[in-house]
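Right, one structure below, let's go through it.
The values are calculated or read from the model by the stated rules, or taken from the named source; none is laboratory data. All values reported here derive from a predicted model rather than from experimental measurement. Glycine gets a Cβ as well: all are built from the backbone with ideal geometry, and neighbour counts include every protein chain shown.
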């Protein structure tokens, strides 16, 4: 009986080791990174093929194009993408994590959800070898995130409705009586407001938001809908539009264009590896690819703005305009520290207009 009891204890101990002593992705990949580069890459590829799949939650529409480019480079593993809006992605990811359901390996594109995911303990630190090619605006010091593309929140307008002499140079020019009832703004312009706070300070940014609200803008959820309404002539201009939608509509012949106003906010869109990733090697391989030269070329090919040193957008006019502009960079950490106060300002000064 005593031998049986000891045997049972040993089995339980072994089971505990298997269940609770396994390395998470952060620990596993830190150990992998200690290998010589060629050996590390070989092991990463072999393990990724064995895992066979990488699960991705994405908050932007062109994620499928990037996964297709990845599969051309690496036929195995396969890629499973779940498309979610930023807020919904955050809610689902945290709920799954707390329930012990480890279903996702990589998050991409969550400019507002990235910091809360880190704070919730969902994200692993991962020192991808590709991170060395990214400037300080596009990565954090601790290794939780790297921005693999960026967006500018430009001022967009209908070229038929808005004469050249009325085009603003700064966001404060939009307080001119001419713009009353003619503007559109997102129903939750948190990124734009963050840029204004970074540029002008909280008090002046709040004053600007209050004054814009008195201009009776159309409050519209979603940038796609805004640009469609603008092209149709139902709104004259949008305060906070990302450039790729305007460029796409412009190429199709729509009467739309965009301008960089003084202190145009720059969104940094990250890729993040999940700490309890079910396919950690495949997740790391996918992340490395997005940050690599090939991955950044894939970003260029879908008309997005790459962030790796030495890469420029495909649209030459965009490159030239951005080079002349005064831009405001803020990253996930800066935004995350101020997210509550930004939400409070929006609820106080913009939403009562609805």
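What to note about this one:
- Qualifying residues in region 41-63 (those that are farther than 12 Å from residue 110 by Cβ, surrounded by 15 or more Cβ atoms within 10 Å (Cβ to Cβ) and within 19 Å of the chain's Cα centre (by Cα)) - the one modelled with the lowest pLDDT: 62
- Residue match in region 214-223 (condition: farther than 21 Å from residue 152 by Cβ and part of a helix (DSSP H, G or I)): no
- Some residue of region 74-91 being part of a helix (DSSP H, G or I) and touching a residue at least 60 places away in the same chain (Cβ under 8 Å): no
Residue by residue, here is whether (1) on the phi < 0 side of the Ramachandran plot; (2) surrounded by fewer than 18 Cβ atoms within 10 Å (Cβ to Cβ); (3) assigned to a helix (DSSP H, G or I) holds:
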{"residue": "276", "(1), (2), (3)": "yes, no, no"}
{"residue": "282", "(1), (2), (3)": "yes, no, yes"}
{"residue": "289", "(1), (2), (3)": "yes, no, yes"}
{"residue": "310", "(1), (2), (3)": "no, yes, no"}
{"residue": "337", "(1), (2), (3)": "yes, yes, yes"}
{"residue": "340", "(1), (2), (3)": "yes, yes, yes"}
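- Odd one out for residue 254 among (1) in a loop (DSSP other than H, G, I, E, B); (2) surrounded by 20 or more Cβ atoms within 10 Å (Cβ to Cβ); (3) not assigned by TED's automatic domain parsing to the domain that holds residue 101: (2)
- Filter pass, residue 273 being touching a helix residue (DSSP H, G or I) at 6+ places or on another chain (Cβ under 6 Å), within 23 Å of residue 334 (Cα to Cα) and modelled with pLDDT of 95 or more: yes
- All of (1) closer than 24 Å to residue 55 by Cβ; (2) touching a helix residue (DSSP H, G or I) at 6+ places or on another chain (Cβ under 7 Å) hold for residue 335 with one exception: (1).
- Those strands (runs of 3 or more DSSP E) lying entirely in region 93-211 with at least 1 residues assigned by TED's automatic domain parsing to the domain that holds residue 229 and out of contact with any helix residue (DSSP H, G or I) (no Cβ under 6 Å at 6 or more places or on another chain): 146-158, 183-186
- Counted residues, region 132-145 - those being surrounded by fewer than 17 Cβ atoms within 10 Å (Cβ to Cβ) and in contact (Cβ under 8 Å) with a residue 24 or more places away in the chain: 2
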